[in-house]
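Colleague: Dumping the structure here so I can ask a few things about it.
A short reminder: the numbers here are calculations on the coordinates, not readings from a lab. Everything numeric here is computed off the predicted structure, so don't read it as measured data. All Cβ positions, glycine included, derive from the backbone under ideal geometry; neighbour counts span all protein chains shown.
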Amino acid sequence: MPVPLRLARRHPLDWLAAALLALGLLFLATGVLPAQAAGDAMARVAPLLAFLGTVIVLAELVSRAEVFDVVAARVARAGGGSYLRLFLLCVAFASLTTIALNLDTTAVLLTPVMLALAARVGIAAVPLAMTTVWLANTASLLLPVSNLTNLLAADRVALSPLELAGRMWAPQAAAVAVTAACLWAFFWRRGRRGAEAYEAPPAHRPADRALFRICGLACAGFLLAILLADAPLWIASGAAAAVAAAAFAVRRPAVLRLSLVPWRLLVLVPGMFLVVETVNAHGLHELLASAVGTDDGLLGMLRAAGVGAGLSNVLNNLPVYLAGESAVPVGNEDQLLALLTGTNVGPVITPWASLATLLWFERCHAGGVRVPVRTFVATGTVLALTAVPTSVLALAALG
């Protein structure tokens, strides 16, 4: 019997998400996963799903309003034909997008903007693509909004967004600095980038300036809300997404489709949580507790970060952080934040180490850009081995 065309065209990540959720539900139905553990996991994941769904809808609408295109064109023009200046601006652009809108948004929405920028100014696409994917991971330490793992960590240690930023600004700065150095050495320096100079493009003018302004203000309001207001993140992102959606309902209603909702992520995340809770209930906790140890000093922090980074590249950083968090002794705040550092900064070696990297590979494939896996793994290994310990040292120095 032939496979229906709609099913045949499903992306492999769709099948992975469905398989994980089905497996988790099977574990729950057969009693392999205790109902209490499943209930606790779903209670914890519910606000994460609300935030993830609304923030990606917000980012998609902001992109449709051409906010990112205007910023990208201004970045290229600000570079003035200088590769060094363009490099610094792209690093800042990718870092701020990740910090403010989360790493998956950078992978999904900034990647095509960067590739279009490369085509528009006639420069090599790979340096811009690698800047996006590396900083999508390594620039995701600062705020709870930057990474789902940050939301979990902030909840565990009871830190507000400003308090988390106060603890993580030094490791975040160290991670971005090391990433920038590796990007320049491997992809941007003369002889690697494919041209000596570039011609700045003309200014980009959005087709609908009212939509551009409203969505830009909604995005800015979201950032102010998460930094200054004591409101749950999903409420801030939901309100901003509602403002953007209302503007599109008036100006371009055809854009408002169910495909804007990140269904794949909304299926993948609960399935991943259920599977990890199952494995955790059958011995993973003891294994990780032994690997992580109980030392809250510098050596214990380096150990936790190394375990987090290493296992993230073998499995995936979200379930590894979730399992590792329960293995860190209660009260070991520095060790927990070091584990967070390893699971955020370290998953840059394998294509499956983070969901953002998988999404990035998909976008690059759609844009006709090929990054050899051997190059990706080799350069990512150097980045992980330098950025993770440097960031942990900065965290320890600040603490």
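Colleague: Between the range 57-105 and the range 346-399, what is the C-alpha centre distance in whole Å?
Modeller: 19 Å
Colleague: Return the sequence-ordered ³J(HN,Hα) values of the range 274-280 in whole Hz as given by the Karplus equation 6.51 cos²θ - 1.76 cosθ + 1.60 applied to θ = phi - 60°, using x for Gly and Pro.
Modeller: Working through the residues one at a time gives 5, 5, 5, 4, 5, 5, 5 Hz.
Colleague: So if I take the alpha carbon set of the chain, get Rg, then get Rh from the Kirkwood formula, what is the Rg over Rh ratio?
Modeller: 0.96
Colleague: Now, a different point. Using the per-residue mean of other Cβ atoms lying within 10 Å as a proxy for protection, in what order, highest first, do the peptides 116-122, 248-254, 77-83 fall?
Modeller: 116-122, 77-83, 248-254
Colleague: Please give the net charge around Val330, taking every other residue with its beta carbon less than 12 angstrom from that of Val330, where Lys and Arg add +1 and Asp and Glu add -1.
Modeller: Taking every other residue near Val330 into account, the sum is -2.
Colleague: Kindly identify the range 259-399 as rounded, prolate or oblate by the Cα gyration tensor criterion: order the square roots of the eigenvalues as a ≥ b ≥ c, call it rounded if a/c is under 1.5, otherwise compare a/b with b/c, prolate if a/b is larger, else oblate.
Modeller: In terms of gyration-tensor shape, oblate.
Colleague: Take each of the peptides 26-32, 217-223, average the number of other beta-carbon atoms within 10 Å over its residues, and list them starting from the highest.
Modeller: 217-223, 26-32
Colleague: Run the simple label-point estimate for Arg213 and Ile235 please: 7 Å along Cα→C-beta, distance reported in nm.
Modeller: Using points 7 Å along Cα→Cβ, the separation is 2.9 nm.
Colleague: I'd like the Karplus ³J(HN,Hα) series for the range 95-107: coefficients 6.51, -1.76, 1.60, θ = phi - 60°, whole numbers in Hz, and an x wherever there's a Gly or Pro.
Modeller: For the range 95-107, the Karplus curve yields 5, 5, 5, 5, 4, 8, 10, 5, 5, 5, 5, 4, 5 Hz.
Colleague: Which ³J(HN,Hα) values, rounded to whole Hz and listed in residue order, are derived for the range 215-225 from phi using the Karplus coefficients 6.51, -1.76 and 1.60 in 6.51 cos²θ - 1.76 cosθ + 1.60 with θ = phi - 60°, glycine and proline given as x?
Modeller: My calculation for the range 215-225 gives 5, x, 5, 5, 5, 5, x, 4, 5, 5, 5 Hz in order.
Colleague: Indicate the gyration tensor shape class of the range 178-336 (rounded, prolate or oblate), computed on the Cα atoms with a ≥ b ≥ c the square roots of the eigenvalues: a/c under 1.5 is rounded; otherwise a/b larger than b/c is prolate and the rest oblate.
Modeller: Oblate, because a/c is 1.5 or more while a/b does not exceed b/c.
Colleague: Hey, another quick one. Taking the Cα centroid of the range 213-263 and of the range 114-135, what is the distance between the two, rounded to the nearest whole Å?
Modeller: 27 Å
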